[in-house]
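Below you'll find the structure, written out as structure tokens, and then a few comments.
The values are calculated or read from the model by the stated rules, or taken from the named source; none is laboratory data. Keep in mind that this is a model prediction, so the values were computed, not measured. Note that we place each Cβ from the backbone using ideal geometry, even for glycine, and neighbour counts take in every protein chain shown.
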Amino acid sequence: MIEAVADRLEGAPRQLRRRWSDEFKARAVAEALEPGASVSAIAHRLGIHPSQLFGWRRAVLNARKVSTEPGRCEVVAAYAGEAVIEVVIGDVIVRARADVSEAHLQRVIRAVRSA
């Protein structure tokens, strides 16, 4: 007979999920995006699983592909599932979440350029 025990297994994490601050994620991803950086080594040093850092980095790289408008565009802060992009048009800075619709972002950029 098998008996189920509702006790924590030895070596199991004490809590189900850890929450990382946006600043921590942004610093980790920025370091991982440096040329020649080893994502696995950075993750090991930070005490996180490499797949977590690879996921955060992938989200940033996908967010960078969102911009199709000419001009300077860069990811300001990125974290799992959400990224903020920054488009610089002259002296104006437009910030938007990466999941904003392309049509809406184009309208905003046109309005800024015509002002």
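Worth pointing out:
- Within segment 91-107, tally of residues that are small (G, A, S), in contact with a helix residue (DSSP H, G or I) (Cβ under 8 Å, 6 or more places away or on another chain) and either free of Cβ contacts under 8 Å to residues at least 24 places away in the same chain or assigned to a strand (DSSP E or B) (or both): 1
- Residues in segment 36-68 that are in a loop (DSSP other than H, G, I, E, B) and at pLDDT 85 or above: G36, A37, S38, G47, I48, H49.
- For first residues located in segment 34-53 and surrounded by 13 or more Cβ atoms within 10 Å (Cβ to Cβ), partners that are in a helix (DSSP H, G or I) and among the aromatic types (F, W, Y) and lie 6+ apart or on another chain with Cβ distances below 9 Å form the pairs V39/F54; S40/F54; A43/F54; L46/F24.
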